[in-house]
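Worksheet for the structure shown next.
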Amino acid sequence: MRLIVGISGATGAIIGIRILELLQQTDIETHLVISAWGKTTIEFETSFTVKEVEALADYSYSHKDQAAKLSSGSFQVDGMIVAPCSMKTIASIRMGLADNLLSRTADVVLKERKQLLLLARETPLNTIHLENMTELSRMGAIIFPMMPAFYNHPKNIQDTIDHLAYRTLDQYGISFTEAKRWNGIKEGRSSI
């Protein structure tokens, strides 16, 4: 399997980073594109440097490199994850703007009918955001808001990050035994 991971400039870059860390434990080939603001967010929100994040992927590309192999449908991939996905990136993908390698690659993934998973990050959502996401869903993209779960009783922020990363990779049939799964209300709380 070959997956593209994009990190845009929305808050939550750590989710994309965790996805890359988990994919390192597999034999899946990873290709990474980080937007200009994604780089800023990584440095601001995490203890990682951009170089350290790029080293988590098998291949990394400049967001400015519109001639990269990812920009062509002849480069075969199984799908793309954008984590996090800013509303700017969602708008760009929806309009087919392809103004950088991240949005161009998402455009290619859509046109080739491969799975595009967008971990949307914004709150609250306005009508423009909702319309853009609705249209992308109609085009075949999976809109995957970065919402935490509480049924698994997270003990810290890492538990929440892990859960989001595991659920994201579930969409590609990639599972990890460490993932906490819903087992029904009786098994989740013995006092009910």
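Where a number appears in this text, it was derived from the coordinates with a stated rule and is not lab data. Small disclaimer: the values here were computed from a predicted structure and weren't measured. Because the Cβ atoms are built from the backbone with ideal geometry, glycine has one as well, and the counts that use them run over all protein chains shown.
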Can you tell which of E112, E54, E131 shows the greatest fluctuation in a Gaussian network model of the chain with Cα springs below 10 Å? E131
Filter on K51/K155; K39/K64; K64/K114; K39/K69; K155/K186; K88/K111 - keep pairs with C-alpha separation over 18 Å: K51/K155; K64/K114; K39/K69; K155/K186; K88/K111
Which of T89, T177, T160 moves the most in a Gaussian network model of the chain with Cα springs under 10 Å? T177
Within a 10 angstrom radius of the beta carbon, how do S86, S74, S62, S8 rank from fewest other beta carbons to most? S74, S62, S86, S8
Can you give me the C-alpha center-to-center distance between segment 89-121 and segment 55-73, rounded to a whole angstrom? 14 Å
GNM, the chain, Cα, under 10 Å: largest mean-square fluctuation among H63, H153, H31? H153
Percent of all Cα-Cα pairs per 10 Å bin for segment 1-68, counting from 0 up to the last occupied bin, reads 22, 58, 20, 0
Between 0 and 90°, nearest 10: helix 157-170 axis offset from the chain longest Cα axis: 60 degrees
In segment 2-188, what is the volume of the convex hull around the alpha carbon atoms, normalised per residue and reported in Å³? 122 Å³
